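J.: Right, I'll just put the structure down here and ask away after.
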Amino acid sequence: FYPIPLDDLREFINTEVKHIRDRALIIIQIKLGLRASEVSNIKLSETHLTNSELQDHYDTLGTDPVLSGRPNAIYIPHTRDMNKSKRPRVLPLDEELRRVLIEYLLCRPDNDRPWLFLSKSGARKMDHTNINDVWKKYFRPKYGPTEEYRGVSSHYGRHRFTTWFRINKRWQRDRLKYLRGDLQSGGDLKSTREAIDKYIHARYEDIEEQFRRDVYKLQL
């Protein structure tokens with residue numbers, strides 16, 4: 001994957017990605033390391049934002065019971081179609097991502113569909129291919145495939161996210177596994193580095209404060 005310096009990524013997003021919905025799609029993946037399929041499956045009810053205007057307009061916004069007592073956060077279930085993660089998780093929405101989502105929701109098509117992100121045409125539920133096309137529209141050809149690098153696509157955010165928290169911020173593996181939705185044990189016990197991994201469990205309250213402090217800033 002392209003090792004795009006953070007300053008270059010900031011400049012690129014702020015210069016090239018002007019469409020409000022597309023901007024929100026790209027930034028939520030960069031900030032939270034979500035797969036395109038996970039993003040397409042997010043519901044309004046699984047998105048909590050402390051904004052009175054939005055809460056008055058969207059009756060279901062942030063109403064999922066999992067978000068009770070967890071303001072400015074998003075819930076990612078693991079059982080929805082094509083959500084490949086093995087466990088559900090709640091992830092914090094930092095100030096930049098909240099601002100981008102609020103801007104999008106203020107102009108989101110008004111209909112009864114429950115999904116957070118809707119298509120430009122027909123205001124329908126997006127799928128992972130639609131979201132990947134958004135990434136390619138902006139990031140290629142500048143960051144297209146070469147002999148050395150894979151072209152930037154919607155999965156880029158998950159790789160950058162994981163590398164940032166593990167290498168740059170030196171997060172413990174159990175907490176990073178929580179962020180990614182990985183099984184804490186790594187699956188088959190024989191495949192883990194230590195049997196103790198099976199008995200270590202991180203939760204939202206363990207990661208929230210540190211995440212808000214450590215997540216990279218895009219200077220939006």
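The values are calculated or read from the model by the stated rules, or taken from the named source; none is laboratory data. None of these values were measured; they are calculated from a predicted model. When we count neighbours, we look across all protein chains shown, and the Cβ atoms used for this are built from the backbone with ideal geometry, even at glycine. Ligands, DNA and RNA are excluded from the accessible area calculation, which covers all protein heavy atoms including side chains. Shrake-Rupley method; radii C 1.70, N 1.55, O 1.52, S 1.80 Å.
J.: Which whole-Hz ³J(HN,Hα) couplings does region 146-161 yield from phi under the Karplus relation 6.51 cos²θ - 1.76 cosθ + 1.60, θ = phi - 60°, glycine and proline marked x?
T.: 9, 5, 9, 10, 6, x, 5, 9, 5, 7, 4, x, 5, 5, 4, 4
J.: I need to check one value: relative contact order of the chain, counting alpha carbon pairs closer than 8 Å and at least 6 residues apart, in percent. Let's see the in-between values first.
T.: Values: 303 pairs, mean separation 58.7, N = 220.
Relative contact order of the chain: 27 percent.
J.: Ranked from the most accessible area to the least, with a 1.4 Å probe and all protein chains present, what is the order of Asp110, Asp127?
T.: Values: Asp110 115, Asp127 65 Å².
These residues rank, largest area first, as Asp110, Asp127.
J.: Here's another thing I want to ask about it. In sequence order, what are the phi-derived ³J(HN,Hα) couplings for region 124-134 according to the Karplus relation 6.51 cos²θ - 1.76 cosθ + 1.60 with θ = phi - 60°, rounded to whole Hz, with x for glycine and proline?
T.: 9, 4, 7, 10, 5, 5, 4, 5, 4, 5, 4
J.: Taking the C-alpha atoms of region 50-151, how large are the radius of gyration and the largest Cα-Cα span, Dmax, in Å?
T.: Cα-based Rg and Dmax for region 50-151 come out at 16.3, 51 Å.
J.: Quick one: net charge of Phe117's neighbours, Cβ under 9 Å, K/R +1, D/E -1?
T.: Local net charge: +3.
J.: Right, here's the next one. Rounded, prolate or oblate for region 7-109? Axes are the square roots of the Cα gyration tensor eigenvalues, ordered a ≥ b ≥ c, and the cut-off for rounded is a/c under 1.5. The partial results should precede the final answer.
T.: Details: a/c = 1.81, a/b = 1.19, b/c = 1.51.
Note, shape of region 7-109 comes out oblate.
J.: What size of dipole, in debye to the nearest 20, comes out for region 31-157 about its Cα centre when the only charges are +1 on Lys and Arg C-beta atoms and -1 on Asp and Glu C-beta atoms?
T.: Values: 21 positive and 17 negative charges, 110 e Å.
The calculated dipole for region 31-157 is roughly 520 debye.
J.: Using a Gaussian network model of the chain whose springs link C-alpha atoms within less than 10 Å, name the residue from Phe12, Phe161, Phe117 with the highest mean-square fluctuation.
T.: Most flexible of the set in this elastic network: Phe12.
J.: Can you compute the helix-only [θ] at 222 nm over the chain? Use -39500 (n - 2.57) per DSSP H run of at least 4 residues, normalise by all residues, nearest 500 deg cm²/dmol.
T.: Helices in the chain give a 222 nm mean residue ellipticity of -11000 deg cm²/dmol.
J.: What list of ³J(HN,Hα) values in whole Hz, one per residue of region 24-38 in order, does the Karplus curve 6.51 cos²θ - 1.76 cosθ + 1.60 (θ = phi - 60°) give from phi, with Gly and Pro shown as x?
T.: 5, 4, 5, 6, 5, 6, 5, 6, 10, x, 7, 6, 4, 5, 5
J.: Okay, moving on. Of Trp171, Trp164, which has the most accessible area with a 1.4 Å probe, and how do the rest follow in descending order? Don't skip to the answer; put the middle values down first.
T.: Working: Trp171 0, Trp164 40 Å².
The ordering from most to least exposed comes out as Trp164, Trp171.
J.: Given axes a ≥ b ≥ c from the Cα gyration tensor, I'd like to know whether region 1-57 is rounded (a/c under 1.5), prolate (a/b larger than b/c) or oblate.
T.: Since a/c reaches 1.5 and a/b is larger than b/c, the shape of region 1-57 is classed as prolate.
J.: Another question, then. Heads up, I need the accessible area for Tyr104: 1.4 angstrom probe, whole protein in place, Å², nearest 10.
T.: Looks like 10 Å² after rounding.
J.: Which far-off residues, 5 or more places away or on another chain, put their amide H under 5 Å from the one on Trp171, with H placed in the peptide plane?
T.: Residues meeting the amide H criterion: Arg166.
J.: I've got another one for you. Over every pair of different alpha-carbon atoms in the chain, take the mean of 1/r and invert it; report that Kirkwood radius in Å. Walk me through the numbers on the way to the answer.
T.: Working: mean 1/r = 0.0552 Å⁻¹.
Its Kirkwood hydrodynamic radius stands at 18.1 Å.
J.: Here's a follow-up. Can you list residues from other chains, or at least 5 along the same chain, whose modelled amide H is less than 5 Å from the amide H of Arg89?
T.: Here Ile76 satisfy the definition.
J.: Right, something else. How large is the accessible surface per residue of the chain, computed with a 1.4 Å probe and reported in Å² as a whole number? Walk me through the numbers on the way to the answer.
T.: Values: 11190 Å² over 220 residues.
Accessible area per residue: 51 Å².
J.: Take region 61-113, compute every pairwise Cα distance, and split them into 5 Å bins from 0; I just need the percent in each bin.
T.: Reading the bins upward from 0: 4, 16, 20, 21, 25, 12, 1.
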